[in-house]
Amino acid sequence: MLGMDEPAGLATALRRGTLEFCVLALLADGERYGVELVRQLAAESVLTTSEGTLYPLLSRLRRAGWVATSWREAPAGPPRRYYTLTPEGRAALERFRSQWVSFRDAVDRTVGTSR
């Protein structure tokens with residue numbers, strides 16, 4: 001079913017609904033540029049993503065008003081676009097956080113991991 005019998009397919013399906021909130025949470029700690037976000041997500045192997053996935057996600061978050069961007073010169077190489085959390089993004093993250101625990105607990109009870 002949808003390739004979810006393979007570990008990579010299952011991880012992708014789980015990541016799909018939560019990755020944007022993981023990005024918002026990383027930005028809650030301060031501004032970041034795209035490659036830095038990719039590296040931080042990769043520190044948690046199940047959150048590993050590519051720049052090809054992250055940059056469209058960041059564009060959607062910007063269009064939604066949840067992140068703002070600014071360009072800054074880099075110590076070496078081309079300028080970097082930095083992403084910061086907006087008040088609307090912080091509110092969206094807080095709504096997610098308030099619902100996440102009850103959602104996670106319900107899934108744990110349903111699939112039997114909290115028994």
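Ranked highest first by average number of other Cβ atoms within 10 Å, how do 67-74, 21-28, 81-88 line up? Working shown, then result.
Values: 67-74: 13.5, 21-28: 19.1, 81-88: 16.8.
Taking the mean over residues of other Cβ atoms within 10 Å, the ranking is 21-28, 81-88, 67-74.
Mind ranking 35-44, 102-111 by how tightly packed they are, going by the mean number of other C-beta atoms within 10 angstrom, highest first? Let's see the in-between values first.
Details: 35-44: 14.1, 102-111: 10.7.
Top of the packing list down: 35-44, 102-111.
Can you give me the % of accessible surface on the chain that is carbon or sulfur? Probe 1.4 Å, all protein chains present, nothing else counted.
Values: 4210 of 7500 Å².
The C+S portion of the solvent-accessible surface of the chain is 56 percent.
According to the Kirkwood expression over distinct Cα-Cα pairs, how big is the hydrodynamic radius of the stretch 21-93, in Å?
Working: mean 1/r = 0.0805 Å⁻¹.
With all distinct Cα pairs of the stretch 21-93 included, I get 12.4 Å.
When the solvent-accessible surface of protein heavy atoms is calculated with a 1.4 angstrom probe, in what order do 80, 32 fall, highest first? Working shown, then result.
On the way: 80 70, 32 35 Å².
If we order 80, 32 from most to least accessible, we get 80, 32.
Calculate, for the chain, the solvent-accessible area per residue in square angstrom, rolling a 1.4 angstrom probe over the heavy atoms of the protein chains. The partial results should precede the final answer.
Values: 7500 Å² over 115 residues.
Heavy-atom SASA per residue in the chain reads 65 Å².
What size of dipole, in debye to the nearest 20, comes out for the chain about its Cα centre when the only charges are +1 on Lys and Arg C-beta atoms and -1 on Asp and Glu C-beta atoms? If you can, show how the numbers build up before the last one.
Numbers: 16 positive and 13 negative charges, 54 e Å.
Taking the Cα centre of the chain as origin, the dipole is about 260 debye.
Could you give me D for the stretch 71-115, from Stokes-Einstein at 20 °C and 1.002 mPa s, where the hydrodynamic radius is the Kirkwood radius over C-alpha pairs? Units µm² s⁻¹, please. The partial results should precede the final answer.
Numbers: Rh = 13.8 Å.
This corresponds to a translational diffusion coefficient of 155 µm²/s.
Show me the helices of the chain, taken as full DSSP H stretches, that run 15 Å or more along their long axis by Cα and average -1.0 or above in Kyte-Doolittle hydropathy.
51-63, 87-111
The values are calculated or read from the model by the stated rules, or taken from the named source; none is laboratory data. Every value quoted in this text rests on a predicted model; they were computed, and no experiment measured them. As a convention, Cβ positions derive from the backbone with ideal geometry for all residues, glycine included, and neighbour counts pool all protein chains shown. Note: accessible area is taken over every heavy atom of the protein model, side chains too, but ligands, DNA and RNA are not part of it. Shrake-Rupley method; radii C 1.70, N 1.55, O 1.52, S 1.80 Å.
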